[in-house]
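Report on the following structure.
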Amino acid sequence: MLVLHGTEDPMFPLAHAQATATAVPGARLVMIEGMGHTLPTALDTRLADEILRHTALDRA
């Protein structure tokens with residue numbers, strides 16, 4: 001499981017993302033600097049890269 005979480009998320013604090021990643025064996029937490037609760041199009045490439053990296057790891 002990949003947990004993507006913005007450092008500026010006003011709805012869910014970092015502790016929620018950490019708890020989710022800890023609760024799922026093998027989960028990977030990636031913090032996205034400056035991102036809030038939405039997925040801004042300016043981060044599309046970064047988010048896609050993280051997802052592709054994660055799915056490549058699952059297949060290795």
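The values are calculated or read from the model by the stated rules, or taken from the named source; none is laboratory data. Predicted model only: the values in this text are computed from it and were never measured. Backbone-built Cβ (ideal geometry, glycine too); neighbour counts: all protein chains shown. The area values use the complete protein model at the heavy-atom level, side chains included, leaving out ligands, DNA and RNA. Shrake-Rupley method; radii C 1.70, N 1.55, O 1.52, S 1.80 Å.
Numbers at a glance
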{"item": "Identity of the residue in the stretch 1-29, part of a loop (DSSP other than H, G, I, E, B) and of a type in the set (A, V, I, L, M, F, W, C), that ends up least open to solvent (accessible area, probe 1.4 Å)", "result": "27"}
{"item": "Matching residues in the stretch 39-60 - criterion: being surrounded by 10 or more Cβ atoms within 10 Å (Cβ to Cβ) and not in a helix (DSSP H, G or I)", "result": "39, 40"}
